[in-house]
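Asker: Once you've had a glance at the structure underneath, I'll fire off some questions.
The values are calculated or read from the model by the stated rules, or taken from the named source; none is laboratory data. Just so you know, these numbers come straight off a predicted model, no measurement behind them. Heads up, the Cβs are rebuilt from the backbone with ideal geometry, glycines too, and the neighbour counts pull from every protein chain shown.
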Amino acid sequence: MRNATKLLGLVLVLALTPVAAAWADPSYVLTAPNWGAKQTAAVQLAGGVVLYSHGQAGIGIVTSSAPDFLSRAMAGNAFQTGEQDVSVQWTQPSLVEDAITPSNETLFPLQWNMQAMEAPAAWAAGCTGKGVRVAVIDGGIRNTHVDLAARMDNACSTSFVPGFPFNSDTGTFWHGTHVAGIIAASDNNIGTIGVAPEATIIGVKALHGSSGSFGAVISAILYAADPASFGAGGCARADIINLSEGVVFPKNHNGSLVAALAKAVNFAASQGVLVLSAAGNEGIDFGQAGNLVCVPGDSGSGLAVSATAPLGFALGATNFRRPASYSSYGEGYVTVAGPGGDNALHGSALCTLPTATGTTTQPCWVFDLVLSTCRGSGASNTSYCFSAGTSMATPAAAGVAALIKGRFPGISLGALKARLLQSADDEGKVGHDEFYGHGFVNARRACTQ
């Protein structure tokens, strides 16, 4: 057992880093009603080069060495908004315990999150997410992991972080790998299982070591919703986009970048793609936050997901839908809640819980976290980590959405959203409330009622 690290961080990002390291020159995000020859010519006339652009969405990521590029580009009438790109920390310090490396054993008894959503009943009813494509826009995904290899569409996975493929990241956790496992880890009697164990994962790398630029995240969303526009004509678009990341800004800060991100989310929706984002780990009531905004949770028509967790699962607690101590929330902000884990249990006492073939011993509080796939060290493809955050709640909701889409393949985006919300269990105050939104996601009800 490795040492537990209690690090659930609350980070308000105010200091931003201009993007220059990824490219030889600074990059910029420009928007227009549509992107066409006029916009490309305006970029070139101002001394820039288009890196990525999307005609229908009207968004371009460009680079230029000219110090006055932005003022020159915005002097005409080709663009609505423009701003130099910045890099931010999108996935905040989370609580990680890299503890279990099993060999041919199932860890399902430790997955309280699946029990909380009644996922086994959904599987028993034949709902597995088969045929549904979920884009995980995140850091790297360990695509050779024993629980993920069969679920990955490697050919259509890609990276928007220059110099790094989609299946790379830093450290031994790999946030994107943990997220992908919650959504779709295979039902193979090894390790863990995902909410939608037959869904397909498209890895779209926009972050490296938890940080990344607005331009990379925006491009990743556009790619997931319309891969053909990036030259991937043989790749079908995603049905669902999972954005387990978030950054908090004053509302008047980097407004053009925030607006461009919302525009990308809305474009994805126009293509019938459901976008789900983490509500954030700052414990902020964004319904009453005044000048603060969290993106992409508050971006466009996407849905923000808050987090719950038990307090003392290893001691017999079943309060899986208890609000997590760190989760942000807010009336008009959060749409649904999902199981995200927590570290609120005090003390360092050890607890021993059964797996399918043995037992495992950890500090008792660790079992209140969410267990899923992770990178591990060396050549291992069978590593599993405990972690907590709205980053873990969001893929739980995305997995439930995948079950619905798999059960009703022709369902429209509006009907998919409605079914996800209507099948959620009403928790907290009666009716819609500031923490649970429309309720706690329920896999069984989503695909059987």
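Asker: Having 3 or more residues that are small (Gly, Ala, Ser) and assigned by TED's automatic domain parsing to the domain that holds Ala356 is the bar; report the strands (runs of 3 or more DSSP E) wholly within segment 192-287 that clear it.
Answerer: Numbers: elements: 200-205, 211-213, 240-243, 247-250, 274-278.
Result: 211-213.
Asker: Just the residues that are assigned to a loop (DSSP other than H, G, I, E, B) and among the hydroxyl-bearing types (Ser, Thr, Tyr), please, taken from segment 353-377.
Answerer: Of the residues in segment 353-377, the ones assigned to a loop (DSSP other than H, G, I, E, B) are 355-358, 369, 374-377.
Within segment 353-377, Thr355, Thr357, Ser377 meet the criteria.
Asker: Tell me yes or no: at least one residue of segment 301-324 is closer than 28 Å to Arg237 by Cβ and not small (Gly, Ala, Ser).
Answerer: The answer is yes, given that some residue of segment 301-324 is closer than 28 Å to Arg237 by Cβ and not small (Gly, Ala, Ser).
Asker: Considering only segment 164-178, state which residues are touching a residue at least 40 places away in the same chain (Cβ under 8 Å) and more than 16 Å from Asn381 (Cα to Cα).
Answerer: If the condition is that a residue be touching a residue at least 40 places away in the same chain (Cβ under 8 Å) and more than 16 Å from Asn381 (Cα to Cα), then Phe164, Pro165 are the ones that fit.
Asker: Give segment 252-271 a look and list any residue that's hydrophobic (A, V, I, L, M, F, W, C) and under 14 Å from Arg237 (Cβ atoms), or say none.
Answerer: Ala264, Phe267, Ala268, Ala269
Asker: Given the options Gly76, Gly48, Gly129, name the one that is at pLDDT 95 or above, more than 22 Å from the chain's Cα centre (by Cα) and not β-branched (Val, Ile, Thr). Reasoning before the result, please.
Answerer: On the way: Gly76 fails: at pLDDT 95 or above; Gly129 fails: more than 22 Å from the chain's Cα centre (by Cα).
Result of the check over Gly76, Gly48, Gly129: Gly48.
Asker: Tell me, which residue of segment 187-208 that is at pLDDT 95 or above and of a type in the set (Gly, Ala, Ser) is farthest from Ala149 (Cα to Cα)?
Answerer: Ala206
This table checks each residue for (1) modelled with pLDDT of 95 or more; (2) surrounded by fewer than 24 Cβ atoms within 10 Å (Cβ to Cβ); (3) over 16 Å from the mean Cα position of the chain (by Cα).
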position: Ser159; (1), (2), (3): yes, yes, no
position: Pro165; (1), (2), (3): yes, yes, yes
position: Phe173; (1), (2), (3): no, yes, no
position: Thr177; (1), (2), (3): yes, no, no
position: Ile182; (1), (2), (3): yes, no, no
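Asker: For residues that are over 22 Å from Asp147 (Cα atoms) and buried (at least 24 other Cβ atoms within 10 Å of the Cβ), tally how many sit in segment 344-367.
Answerer: 1
Asker: Could you list, in sequence order, the residues of segment 209-231 that are within 23 Å of Thr144 (Cβ to Cβ), modelled with pLDDT of 95 or more and either of a type in the set (A, V, I, L, M, F, W, C) or out of contact with any strand residue (DSSP E or B) (no Cβ under 7 Å at 6 or more places or on another chain) (or both)?
Answerer: Of everything in segment 209-231, those that are within 23 Å of Thr144 (Cβ to Cβ), modelled with pLDDT of 95 or more and either of a type in the set (A, V, I, L, M, F, W, C) or out of contact with any strand residue (DSSP E or B) (no Cβ under 7 Å at 6 or more places or on another chain) (or both) turn out to be Ala220, Ala224, Pro227.
Asker: Then there is this: Of (1) farther than 15 Å from Ala278 by Cα; (2) touching a residue at least 12 places away in the same chain (Cβ under 8 Å), Ser328 satisfies all except one. Which?
Answerer: All conditions pass for Ser328, except number (1).
Asker: Sort through Val161, Val134 and tell me the only one that's closer than 30 Å to Gly410 by Cα and β-branched (Val, Ile, Thr).
Answerer: Values: Val161 fails: closer than 30 Å to Gly410 by Cα.
None of the other options fit; the residue is Val134.
Asker: In segment 198-219, what residues are within 13 Å of Val134 (Cα to Cα) and either over 16 Å from the mean Cα position of the chain (by Cα) or of a type in the set (Gly, Ala, Ser) (or both)?
Answerer: In the first step, residues of segment 198-219 are kept if they are within 13 Å of Val134 (Cα to Cα); the result is 198-204.
Answer for segment 198-219, where residues must be within 13 Å of Val134 (Cα to Cα) and either over 16 Å from the mean Cα position of the chain (by Cα) or of a type in the set (Gly, Ala, Ser) (or both): Glu198, Ala199, Gly203.
Asker: Among residues belonging to segment 399-421 that are without any contact (Cβ under 8 Å) to a residue 12 or more places away in the chain and part of a loop (DSSP other than H, G, I, E, B), point out the one that is surrounded by the most Cβ atoms within 10 Å (Cβ to Cβ). Walk me through how you get there before you give the answer.
Answerer: The initial filter retains those residues of segment 399-421 that are without any contact (Cβ under 8 Å) to a residue 12 or more places away in the chain, namely 408, 410-411, 414-415, 418.
Applying the additional criterion that residues be part of a loop (DSSP other than H, G, I, E, B) yields 408, 410-411.
Numbers: Phe408: 13, Gly410: 6, Ile411: 17.
Per the criteria, the residue is Ile411.
Asker: Taking the condition crowded, with 18+ Cβ neighbours inside 10 Å, over 23 Å from Leu148 (Cβ atoms), modelled with pLDDT of 95 or more and among the small types (Gly, Ala, Ser), does Ala337 pass? Give the derivation first.
Answerer: Working: crowded, with 18+ Cβ neighbours inside 10 Å: yes; over 23 Å from Leu148 (Cβ atoms): yes; modelled with pLDDT of 95 or more: yes; among the small types (Gly, Ala, Ser): yes.
Yes: the conditions hold for Ala337.
Asker: Return the pair list, or none, for Cβ contacts closer than 7 Å from residues in segment 141-153 that are buried (at least 24 other Cβ atoms within 10 Å of the Cβ) and β-branched (Val, Ile, Thr) to residues that are in a loop (DSSP other than H, G, I, E, B) and at pLDDT 95 or above, at least 6 apart or on different chains.
Answerer: Note: pairs meeting the criteria are Ile141/Leu148; Ile141/Phe166; Ile141/Asn167.
Asker: So which of Ala289, Ala262, Ala309, Ala269 is surrounded by fewer than 24 Cβ atoms within 10 Å (Cβ to Cβ), out of contact with any strand residue (DSSP E or B) (no Cβ under 6 Å at 6 or more places or on another chain) and touching a residue at least 60 places away in the same chain (Cβ under 8 Å)? Reasoning before the result, please.
Answerer: Details: Ala289 fails: touching a residue at least 60 places away in the same chain (Cβ under 8 Å); Ala262 fails: touching a residue at least 60 places away in the same chain (Cβ under 8 Å); Ala309 fails: surrounded by fewer than 24 Cβ atoms within 10 Å (Cβ to Cβ).
On inspection, the qualifying residue turns out to be Ala269.
Asker: I need a count of the residues in segment 336-352 that are over 15 Å from the mean Cα position of the chain (by Cα) and either in a loop (DSSP other than H, G, I, E, B) or of a type in the set (Val, Ile, Thr) (or both).
Answerer: Within segment 336-352, the first condition is being over 15 Å from the mean Cα position of the chain (by Cα), and the residues that meet it are 341-352.
Going one step further and asking which of them are either in a loop (DSSP other than H, G, I, E, B) or of a type in the set (Val, Ile, Thr) (or both), we end up with 341-349, 352.
Counting residues in segment 336-352 that are over 15 Å from the mean Cα position of the chain (by Cα) and either in a loop (DSSP other than H, G, I, E, B) or of a type in the set (Val, Ile, Thr) (or both) gives 10.
Asker: Sticking with this one: In segment 422-449, what residues are in a helix (DSSP H, G or I) and hydrophobic (A, V, I, L, M, F, W, C)?
Answerer: Looking only at segment 422-449, we keep the residues that are in a helix (DSSP H, G or I), and these are 422, 443-448.
Within segment 422-449, Ala443, Ala446, Cys447 meet the criteria.
Asker: Identify, from the list Asn343, Asn319, Asn381, the residue that is touching a His at 6+ places or on another chain (Cβ under 6 Å) and more than 29 Å from Ala268 (Cα to Cα). If you could, list the steps in order and put the result at the bottom.
Answerer: Numbers: Asn343 fails: touching a His at 6+ places or on another chain (Cβ under 6 Å); Asn319 fails: touching a His at 6+ places or on another chain (Cβ under 6 Å).
It is Asn381.
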